[in-house]
1. Kindly indicate whether T24 is within 23 Å of G135 (Cβ to Cβ), in a loop (DSSP other than H, G, I, E, B) and touching an Asp or Glu at 6+ places or on another chain (Cβ under 7 Å).
2. Run down S68, S55 and say which single residue is among the small types (G, A, S), within 30 Å of D155 (Cβ to Cβ) and buried (at least 17 other Cβ atoms within 10 Å of the Cβ).
3. From the list H90, H138, pick out the single residue that is out of contact with any strand residue (DSSP E or B) (no Cβ under 8 Å at 6 or more places or on another chain) and not assigned by TED's automatic domain parsing to the domain that holds A161.
4. Within segment 74-81, is even one residue outside the structural domain of D22 (by TED's automatic domain parsing), part of a loop (DSSP other than H, G, I, E, B) and buried (at least 16 other Cβ atoms within 10 Å of the Cβ)?
Amino acid sequence: MKSSTRPMIDWGQIQTVLLDMDGTLLDLHYDTHFWLTHLPARYAQARGVDPEKASQEIQDTIQNLKGSLDWYCLDFWSDRLGMDVSGLKHEVGDRIRYRTGAMAFLRALKSSHCRTVIVTNAHEGGLDLKRQRTGLDHWVDAIHSTHSFGRPKEDPAFWPALHACDSFDPATAVLIDDNHAALNAAEGFGIRHLLSIHQPDSQHEPIPAGRWPVLERFETLLPITPPQPVQ
């Protein structure tokens with residue numbers, strides 16, 4: 001059912017749409033399952049240790065690294081655990097899927113006046129798998145992994161580095177992201193339009209709201225109408 005209300009965004013003010021990938025376009029359930037269930041189980045199996053002990057070791061490392069680039073780096077995790085973590089991600093690749101309504105939103109953007117750019121903390125190994133599974137790269141104009149910049153989106157220094165590489169007007173850009181720290185850093189850089197995500201993981205409860213408007217359904221962003229010509 002289409003929304004009868006006006007879109008959450010005034011598309012006449014937008015030229016660039018910056019989109020997070022995991023938890024925004026793609027259901028975060030895949031990543032949650034991998035890090036909390038699949039990887040600990042495979043690590044316990046490979047090391048011959050108690051599954052609970054393996055899980056706790058991984059969770060402790062996750063907490064210690066949270067918000068850093070290593071947190072997202074599959075090469076770091078492979079070295080840390082002595083396993084091919086990128087390869088393990090393929091074992092549960094069938095869980096990768098779009099969030100409800102994301103595909104329709106991407107189609108609308110593709111035929112709109114907007115330039116669409118994915119900005120993700122995902123490491124290239126995981127990003128390549130998701131490209132293969134979803135064809136996501138066919139729907140957007142560019143994809144930037146923060147690993148190419150040496151800083152995650154949470155780092156305020158990332159945004160000017162991105163801007164130097166992929167110029168856009170922050171005043172006419174919108175960022176949609178489930179990561180509140182990334183939204184905060186982008187806001188500090190000057191990106192004017194910001195939306196957070198209500199429920200990044202379809203199998204878990206919604207996340208607490210931040211300071212930004214919350215996107216519950218992609219349909220509330222439609223239709224995307226181009227700017228009206230000056231008479």
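The values are calculated or read from the model by the stated rules, or taken from the named source; none is laboratory data. Bear in mind the structure is a predicted one, so any value in this text is a computation, not a measurement. Virtual Cβ from ideal backbone geometry, glycine too; neighbours counted across all protein chains shown.
1. On the way: within 23 Å of G135 (Cβ to Cβ): yes; in a loop (DSSP other than H, G, I, E, B): yes; touching an Asp or Glu at 6+ places or on another chain (Cβ under 7 Å): yes.
Spelling it out, T24 is indeed within 23 Å of G135 (Cβ to Cβ), in a loop (DSSP other than H, G, I, E, B) and touching an Asp or Glu at 6+ places or on another chain (Cβ under 7 Å).
2. Details: S68 fails: buried (at least 17 other Cβ atoms within 10 Å of the Cβ).
The match here is S55.
3. H90
4. So in segment 74-81, the residues outside the structural domain of D22 (by TED's automatic domain parsing) come out as 74-81.
Applying the additional criterion that residues be part of a loop (DSSP other than H, G, I, E, B) yields none.
Looking through segment 74-81, none of the residues is outside the structural domain of D22 (by TED's automatic domain parsing), part of a loop (DSSP other than H, G, I, E, B) and buried (at least 16 other Cβ atoms within 10 Å of the Cβ).
Okay, residues lined up against (1) in a loop (DSSP other than H, G, I, E, B); (2) not small (G, A, S):
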residue: H144; (1), (2): no, yes
residue: H147; (1), (2): no, yes
residue: P156; (1), (2): yes, yes
residue: A164; (1), (2): no, no
